[in-house]
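Okay, structure first, notes after.
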Amino acid sequence: MGTLTGRTALVTGGSRGIGRAIAERLGREGAVVAVHYGRAADAADEVVAAIRAGGGSAFAVHAELGVSGDVETLWEGYDRQILEHADRAGLDILVNNAGITPRGEIEETTAESFDEAVAVNMRAPFFLTQQGLKRLRDGGRIVNISSGATRIALTDIIAYAMTKGAVEAFTLTLAKALGGRGITVNSVAPGIVDTDINASWLRGNEAAERSAAALSALGRVGRPEDVADVVAFLASDDGRWVTGQVVDATGGSQL
Ligand code: NAP
């Protein structure tokens, strides 16, 4: 028996990176995992296969976020499949992980990239959660993936940092709104993690990797599993008394 046996989880952006590690960890803990993806259908199928190979249960759900009808598409796909995998409808754990990181100083940020970041990083989790509340069981969990960029000023991702600040305000306020139902709501803020989001400047660039590692008190770049393990704690019964918080999972960056 894992810590999440009998629970159902939805991980947005579960097809790659941090979301993939979260989906796999929750699956190992016994949750039935809905692995949401946008474009990477093959990657989502791989995650589902990996969870099943480990003895768990999972299925893929498609929806491009940040476009009209996104949330409806996602929940429709979830509702259509859940009873093939779990013995009841509904949800216990919602992980709002999917996100994009437009790069640019304030002078370089276009209205288009700003609006896209707002639509994917802020608007989609807000309305996904709103439409999910009737599915989420009392005693459930919501975990929103924020970023260390809300604590550390990184001028080249200023619009992104704003969207994650909004995610943290959402977390705080929602935790109060849902406390009466025993639902906890927390954010996890990763530092620099080796995922595709950072591939263009980090991978294969030793100097960039050294300076990214030096930001952390622990002296290395983060791995998706470093974040997934924190999410698994918050999602479990052990996390029951933590709500409305931002858990810094940056490996002590810029202390
Ligand atoms: P990643 O490797 O680029 O993966 C992003 C995931 O989000 C993919 O599964 C992708 O799905 C999904 N996604 C992105 N845009 C989408 C859209 N418009 N519609 C549907 N799905 C979409 O990113 P990551 O590094 O794992 O980041 C995950 C979360 O952690 C993000 O919220 C990010 O801001 C946050 N974070 C990351 C870091 C870091 O250093 N990596 C640091 C702090 C915070 P498809 O590929 O299927 O389209």
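The values are calculated or read from the model by the stated rules, or taken from the named source; none is laboratory data. What you see is a predicted model, and the numbers here were worked out from it, not measured in a lab. Counting neighbours? That spans all protein chains shown, and the Cβs are built from the backbone with ideal geometry, glycine included.
Go through the stretch 80-127 and report how many residues are in contact (Cβ under 8 Å) with a residue 24 or more places away in the chain, in a helix (DSSP H, G or I) and surrounded by fewer than 14 Cβ atoms within 10 Å (Cβ to Cβ).
3
Do we find a residue being assigned to a strand (DSSP E or B), at pLDDT 95 or above and buried (at least 20 other Cβ atoms within 10 Å of the Cβ) anywhere in the stretch 37-45?
Among the residues of the stretch 37-45, at least one is assigned to a strand (DSSP E or B), at pLDDT 95 or above and buried (at least 20 other Cβ atoms within 10 Å of the Cβ), which makes the answer yes.
If I go through the stretch 24-47 residue by residue, how many of them are free of Cβ contacts under 8 Å to residues at least 60 places away in the same chain and either closer than 16 Å to residue 225 by Cβ or within 8 Å of the ligand (Cβ to nearest atom) (or both)?
10
For the stretch 187-225, how many residues are in a loop (DSSP other than H, G, I, E, B) and more than 8 Å from the ligand (Cβ to nearest atom)?
Of the residues in the stretch 187-225, 9 are in a loop (DSSP other than H, G, I, E, B) and more than 8 Å from the ligand (Cβ to nearest atom).
Just wondering, is there one or more residues in the stretch 2-16 that are free of Cβ contacts under 8 Å to residues at least 60 places away in the same chain and farther than 18 Å from residue 143 by Cβ?
yes
Quick check on my filter: what residues within the stretch 60-70 are more than 9 Å from the ligand (Cβ to nearest atom) and either within 13 Å of residue 13 (Cα to Cα) or surrounded by 22 or more Cβ atoms within 10 Å (Cβ to Cβ) (or both)?
Answer for the stretch 60-70, where residues must be more than 9 Å from the ligand (Cβ to nearest atom) and either within 13 Å of residue 13 (Cα to Cα) or surrounded by 22 or more Cβ atoms within 10 Å (Cβ to Cβ) (or both): 60, 61.
Tell me which of these residue 140 doesn't satisfy, since it passes every other one: (1) closer than 19 Å to residue 231 by Cβ; (2) within 16 Å of the ligand (Cβ to nearest atom); (3) not β-branched (Val, Ile, Thr).
(2)
Could you tell me whether the stretch 75-98 includes any residue that is under 12 Å from residue 135 (Cβ atoms) and near the ligand (Cβ under 10 Å from one of its atoms)?
no
Could you tell me whether residue 233 is under 21 Å from residue 100 (Cα atoms), in a helix (DSSP H, G or I) and either more than 11 Å from the ligand (Cβ to nearest atom) or out of contact with any helix residue (DSSP H, G or I) (no Cβ under 7 Å at 6 or more places or on another chain) (or both)?
No: the conditions fail for residue 233.
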